[in-house]
Each structure stands twice: as structure tokens, then as C-alpha cells.
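To start, the structure itself, in C-alpha cells.
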Amino acid sequence: MTAIPHRSSQGRIGRALVGHGQVLVVLGAIIALFIGVSFVNARFLSPANLTTIFSGNAYIAVAAIGMTMVIITGHIDVSVGALIGVLATVAGTLAVAGWPMWLVWLAPLVIGVAVNAAAGWLVAYAHIPSIVLTLGLLSILKGGLIVVTGGEWITDLPPGFFLAQRDVFGLPLPLVVMTVLTLAAAWWMAHFRFGRTIYAVGSNLEAARAIGISVERTTVGVFALHGLFAGISAVLFATQLTTIQSTVPPNLELVIITACVIGGVSILGGVGTVIGAALATIFFATITSAMIFTNVSAYWLRAVIGGLILITVLADVARRRGQA
Amino acid sequence: MSPTSGRLNLLLSHEAMLAILLAVTLLILSLLSDSFFSTANLLNQVRLTAEIGLITLAMTLVIITGGIDLSVGSIAGLSAIMLGLLWQKAGLPLPLAAVTSLGIAVLAGLGNGVIITRFRVPPLIATLATMAFYRGLAEGFSQSRSVRGYPEGFYILGQGEVLGLPTQVWILIVAAVLVGTALSATAFGRTVFAIGANETAARFSSLPVDRVKLIVYGLSGFMSGLSGLLLVSRVTTTRSDMGMGWELDAITAVVLGGASIFGGRGTVLGSVLALALIQCLKSGLSLAGVKADGTIVLIGLFLIGAVLLGNLMDRIAAR
């Protein structure tokens, strides 16, 4: 599980190769799918469908940025789907209550940071294993949301609310947000002090401590950042449809975690990039769309995605053994 | 690894704490409501919790080895669907269909074990993937259509009584005694603890690490399959979404029961006590008019609070 005391001592170059190797596998798979399916059904490449694939799932990729950081530090968060559900409902409720729009969009970010900073504090200073803590948090958020809202949908949202339906430079806003945030986060994690610290803590806790990194403060910081991305994700999620269902999107946390892992983030910590996670999100969306366009029964969708995840994980293991 | 006496004391106190908490909860509930503390109601509560209970038993072993199994709910759903399809579509006699679907559940669990031991995929990732895959198979095979109209005799599993007690009570008692004995009094059980405490050391001690892990995940598959069949018999229908979220309920019970999520520590008794406590809370709160969602919130707080308290006690004991 998360606490593996010994880690294989790959060098930095080897680690970088492992991370990027997986990214290339996913990228190759996406391109192959696009070529294959467009032969079967040319409408697959229509602008409307491309928007669905790239923009409709952007909120997952944005949440995956924070999850990538959490997993790289050697932790996990199974409550993020519930948090996104709660924050989307908060945004919708404030919008209906007539708050100024900039506050409506800002509130989920602030609350996301606050909740996850508290979670990070409990993990770092009260030594509660992150999987246990976030399992508990999942129950609290999921149950609490229904207790407070009664499960009622939010429908009469003001017209100015729908941020995710806007365009920037002729491109859907979620697509732009996803791309900018992913690239910025990848650059920041590779070249800035705190970004490098995340890898240091995840790859060797004791060594990180020895060179004077505060592991506890890093953990709280990473969880807080993760909360920020969950907040942004929630705003994109809430504003792309005309209703907010006031429930936790089922299995969202699993989709996000799986995207990170397929994208090359090692669950043992220390390895991975946010670009891989974003590509994996697009990979899932492409598969889903491809199945619709090739008339595969929707009921087999989950089996196909599950099977592909299995194959990707096993291929990754085989490739790493080949390199070792 | 033989647990030190200090740790043993802590374990005992954790279980004692749970037992006291359970007694207090029972007392409060019996004061709040006349109908709660009747034999009939208590037996009915066991009936309702048997499905999660069987999975919790296997999950205890999985977590003690330092692993986790997120696919249990999906395997339960898959075995329920296979039962319905083999009986209705393939025309197998119901007992044969039940045994076959149990066999499929065991294979699904062994599949997890093979991915984890042969390919060295971390259990969290392996079972995350099979959780989607097995659920997908259940949806695909069934095309999300339900199966109903099982013969009367089948309902004895989920609704009937044997020797005056609900069938599930017997199944749960037998399973708990078997798993508890295997864990605490056999070489297999000691290997389970050894793997969780230090897998590398266990391998160097030439313990059959991979074989024991395979058995543990196979057992998890079997218990999940059995739970699926019990649920079908109790609610008289088969649906592909059966067992969704069971993995979280089982993991919560095991962790609340005092097992370490990092492995090497945990008992069947602790898990069973925690399970009973959770079920009492659920039914008690619903008697008090709290809806199921409010109960989920409390269970979440309970889980975090229990671990916080445990850590605190560990720190005091270390002084």
C-alpha cells in the first residue's frame, strides 16, 4: 500500500524515462483510437464531438492535477469526488441566492483549500493515514450534502452563471483552463522549489527530512493546493450543465485516481507528471466517445475501460521490468 | 513476527473499548425504543449486516497483509448477475448456477491475487482496475436487465430460518469462527501477519508469501460471491449495480476494528465488534428519526475519531 519502506533506487534519469514512457504510451493510444475510429465513422472528428471529448471532461483533468501532487507525496485522496459535488452545490446555491458572480466562482476555491488544508493537517500532524482520513471525509461530505440539501436539484440558475459554456479565443473555456493549468503545474513542479520538494518527499521521506524539508508543511501545502484544483474543477463541473444534481458524482474519485495512475503517477510516490494524468483523462473520454461512434453497447463501456486500465497497468509493469 | 506484550495489551484494550462502546450504544438504544432490544430485531439486524460482514472477514485478512481489495462490491455484483443468467438464460439448475457463480467469484479474487503477486502491481491499483472491470462484466453480460422469479426454496438463504435462527446468522458465525481460527491459530495466519509486518523479511524467511496472498484474495472473492448470492436471496432480484460501495463499508469496519491500514495488525474479533457497532448505529439512528445520510456522516466522524484516539493512545503508551 502507501507505506513501502524500501524503494528501488532508480536515478533521476531513469525515473524521468519511466514517467514519460507512460505518457508516450497513452498519447499513442489516443492517436491510434482517433485514426481507427474516424475510419469507421468520420463524424467522430466533428467539432461538436471533439468539444465533448476535450472540453466536457476538462474538470476531471483539472482535479487530476491536484491528485497527482497528492499521490506523488505518497498519499491518496478518495474524497475528492465528494468534495467536488459539495463545492458545485455551494456554487449553485450562492448563485441562486443572488451573490455577485465573481464571489460565486471564488467561494468553491476558498472552501476547497480550507477543507483539504484541514485534511492535510490531520494527515501530517495527527498521523492519520490519508486513505483512512479521506475515507471518513468521503462519508461526511457525501452524507452531509444530502442531509443539508435534501437531495434537491438546483435548476433556476441565473444566466451569468455558466462560466464553462463560454469561449476564450474561440475555444471552449474548460479546454483552455485545463491546458493552461496542466502546463503551468507541470512547469512549476519541474522547476520551482516547492514543486521539487513534492517529489523529494514522495521519493524518499527520510532523505527529504535530512536535507531540512518540512515533510509536514509540504503535506499540508500539497493538500491545500489539491483543494484549490478541486475548487476550480467544481466550478467547471457546476457551470457546464443547466442543473446541479446536489449529489456526489458517482465514482468520480476513482476516475480521477485512475487517470493519474494510467498517466504514469506511481502509487508508491515520487514519480509522475500532471501531463500524463491530463492525457489519460482525454484517453478515457476518447474511448467512451469511440464506443458510441462504433455502436458498441453502452453496457459494455465499463468493462472495456476496466480492461484497458488493466492492460495499461500490466504493460507499464512489463515495460519497467524491461528497463530494469 | 510475534506481537510484543505491549502491543497485545493495546490490541486488547482497543477491542475492550469497542465492546464497551457497543454495550453503551445497545443500552441507549434499548432505553430510546422498546422495539430495539427484542431478540427478533437483533437477529434481523444480523440478517441485514451479514453480506458486508462476510466481506469484512476477508477484508480483515487482506488489510493485515498490507493490501486492500476495492473490487469486493463488483465481485458481489458479478456473482449475482452470473447466478441469474446461468439459471434463467443458460437453464442450469439453480444449485449448479449458484456453485458456478461462486466459482467465478473465486476466480475473480484469484485474478486480483495473480495481478498483485505475479505482476507486482500495488493492490490499490490492481483492485481499482478490476473494480471497474468486474462491474463492467456484470453490466455487459446482463445488459443491465434484472432477473426475478427465483424458486421459493432459494429464499431460505436470505429470508429463511435454520433451527430458529436466520440462515445468515449461522453462515456468519461459521465464517467468523473459521476465519478467526485460521488467522490466530495456524501457520497460514502467522504468515498473513508476517507479510503485513515486513514482506521482505517474510520472503527471506522462505514463507510462502505469494501463495498466502493468493489464498487471501481468493477468499475475498469467495466471500464477495457468497454475499452477492445472499443479497439476491434476501431482496429476490438480481441487478448489475448490486454491492456498489460495499468496499468502503468493509474497509471502514476493519479499520474501526483496530487493524492498521499499513498491515501487520488487526483481529477478526475487532472487525466483527466494529461491524456490530456500525449496524447498531445505523438502525438506532434510523429509529431516532435520523436519515441514512446523517448516519453516513456519523460513521465517517467515528472512523476518523477512532484512528485519532488510537494514535493518541499509542503515543501515551510509548512514553
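From other protein chains only, count the Cβ atoms within 10 Å of every residue's Cβ in B:261-271, then give the mean.
The shielding value for this peptide is 2.
Suppose we look only past 23 Å in the calculated P(r) of the range B:67-148. What percent of the Cα-Cα pairs does that tail hold?
24 percent
Would you list, by chain and number, the lysines whose Cα falls below 28 Å from the Cα of B:Lys282, excluding same-chain residues fewer than 8 positions away?
A:Lys142, B:Lys291
If Rh is defined by the Kirkwood formula over all Cα pairs and Rg also comes from Cα, what ratio Rg/Rh do you get for the protein assembly as shown?
0.96
Express the accessible area of chain B per residue in Å², computed with a 1.4 Å probe while the remaining protein chains stay in the model.
That works out to 41 Å² per residue.
Determine the shielding of peptide A:290-302 by partner chains: average, over its residues, the number of Cβ atoms on other chains within 10 angstrom of each Cβ.
3
Could you give P(r) for the range A:80-154, binned at 5 Å from zero, as whole percent values over all Cα-Cα pairs?
The percentages, shortest bin first, are 3, 15, 23, 22, 18, 11, 6, 3, 0.
Express the accessible area of the range A:46-323 per residue in Å², computed with a 1.4 Å probe while the remaining protein chains stay in the model.
So the range A:46-323 comes to 38 Å² accessible per residue, rounded to a whole number.
Of all accessible surface on the range A:25-119 at a 1.4 Å probe, what whole percent is carbon and sulfur?
C and S fraction of accessible area: 80 percent.
Between A and B, buried accessible area summed over both sides at probe 1.4 Å, in Å² to the nearest 100?
3800 Å²
Residues of the range B:75-95 with backbone nitrogen within less than 17 Å of a virtual label 7 Å along the Cα-to-Cβ line of B:Gln143, please, listed as ranges.
Under cut-off, by backbone N: B:81-82, B:84-91.
Given a 1.4 Å probe and every protein chain left where it sits, what share in percent of the accessible area of chain B is carbon and sulfur?
Accessible surface attributable to carbon and sulfur in chain B totals 69 percent.
Work out the mean other chain Cβ neighbour count within 10 Å for the residues of A:124-135 and drop it here as an integer.
Per-residue shielding by partner chains comes out at 5.
Under the rule a/c < 1.5 gives rounded, and otherwise a/b versus b/c splits prolate from oblate, where does chain A land using the Cα gyration tensor?
oblate
Just round it to a whole percent: the fraction of Cα-Cα distances in the range A:243-324 exceeding 14 Å.
70 percent
Counting other Cβ atoms within 10 Å, keep those with at most 15, restrict to DSSP loop, and tell me which trypsin sites (Lys or Arg not before Pro) in the range A:154-251 are left.
Answer by residue number: A:Arg166.
Between the range A:215-285 and the range B:23-64, what is the C-alpha centre distance in whole Å?
36 Å
Residues of the range B:207-234 with the amide nitrogen closer than 20 Å to a label point 7 Å from the Cα of B:Thr186, along Cα-to-Cβ, please.
The answer is B:207-227.
Give me the compactness ratio for the range A:131-171, meaning the Cα radius of gyration over 2.2 N^0.38 Å.
1.84
Quick one: among B:Val232, B:Val272, B:Val297, which has the greatest mean-square fluctuation in a GNM of chain B with alpha-carbon springs under 10 angstrom?
B:Val297
If Rh is defined by the Kirkwood formula over all Cα pairs and Rg also comes from Cα, what ratio Rg/Rh do you get for the range B:8-156?
Over the Cα atoms of the range B:8-156, Rg/Rh equals 1.07.
I'd like the Karplus ³J(HN,Hα) series for the range A:106-112: coefficients 6.51, -1.76, 1.60, θ = phi - 60°, whole numbers in Hz, and an x wherever there's a Gly or Pro.
With coefficients 6.51, -1.76 and 1.60, one gets 7, 3, x, 5, 5, 5, x Hz.
Could you let me know the centre-to-centre spacing of the range B:271-319 and the range A:102-161, using Cα atoms, in angstrom?
For the range B:271-319 versus the range A:102-161, the Cα centre distance is 20 Å.
So for the pair A:Ala32, B:Phe204, with labels modelled 7 Å out along Cα→Cβ, what separation do we get in nm?
My value for the distance between the label points is 4.2 nm.
Which of the chymotrypsin sites (Phe, Trp or Tyr not before Pro) across the range B:102-162 are loop residues per DSSP, with 13 or fewer other Cβ within 10 Å?
none
May I ask for the Rg/Rh ratio of chain B, computed from Cα atoms with Rh as the Kirkwood radius, given to two decimals?
0.98
In the range B:137-253, if every C-alpha pair distance is counted and binned at 10 Å from zero, what percent goes to each bin?
11, 31, 30, 19, 8, 0
For the range A:114-239, rounded, prolate or oblate, judged on the Cα gyration tensor with a ≥ b ≥ c (square roots of eigenvalues), a/c < 1.5 rounded, else prolate if a/b > b/c?
oblate
Between A:Phe39 and A:Asp167, with labels modelled 7 Å along Cα→Cβ, what's the label distance in nm to one decimal, could you check?
Calculated label separation equals 3.3 nm.
Given labels modelled 7 Å from the Cα in the Cβ direction, how far is it in nm from A:Val296 to B:Met313?
It works out to 5.0 nm between the two label points.
For the range B:278-303, state which residues have at least 40 Å² less accessible area in the presence of all protein chains than in their chain by itself, taking the probe as 1.4 Å and leaving out ligands, DNA and RNA.
Correct list: B:Asp293, B:Ile296, B:Val297, B:Leu303.
Compare each residue of the range B:85-122 in its chain alone against the assembly with all protein chains, and report those whose accessible area goes down by 30 Å² or more; 1.4 Å probe, heavy atoms.
B:Ile115, B:Phe119, B:Val121, B:Pro122
Skipping prolines and chain starts, which residues have an amide H placed within reach, meaning under 5 Å, of the one on A:Thr273, given they are 5 or more residues away or on another chain?
A:Val265
Kindly provide log₁₀ I(q)/I(0) values, in the same order as q = 0.20 Å⁻¹, from the Debye equation applied to equal alpha-carbon scatterers of the range A:52-202.
Log10 I(q)/I(0), no solvent term: -1.40.
Using a Gaussian network model of chain A with C-alpha springs under 10 Å, which one of A:Leu137, A:Leu106, A:Leu83 is most mobile by mean-square fluctuation?
A:Leu106
Quick one: among A:Pro172, A:Pro47, A:Pro249, which has the greatest mean-square fluctuation in a GNM of chain A with alpha-carbon springs under 10 angstrom?
So, out of A:Pro172, A:Pro47, A:Pro249, the one fluctuating most is A:Pro47.
The values are calculated or read from the model by the stated rules, or taken from the named source; none is laboratory data. Because the structure is a prediction, the values reported are computed rather than measured. Backbone-built Cβ (ideal geometry, glycine too); neighbour counts: all protein chains shown. Keep in mind that these areas ignore ligands, DNA and RNA; they rest on the heavy atoms of the full protein, side chains included. Shrake-Rupley method; radii C 1.70, N 1.55, O 1.52, S 1.80 Å.
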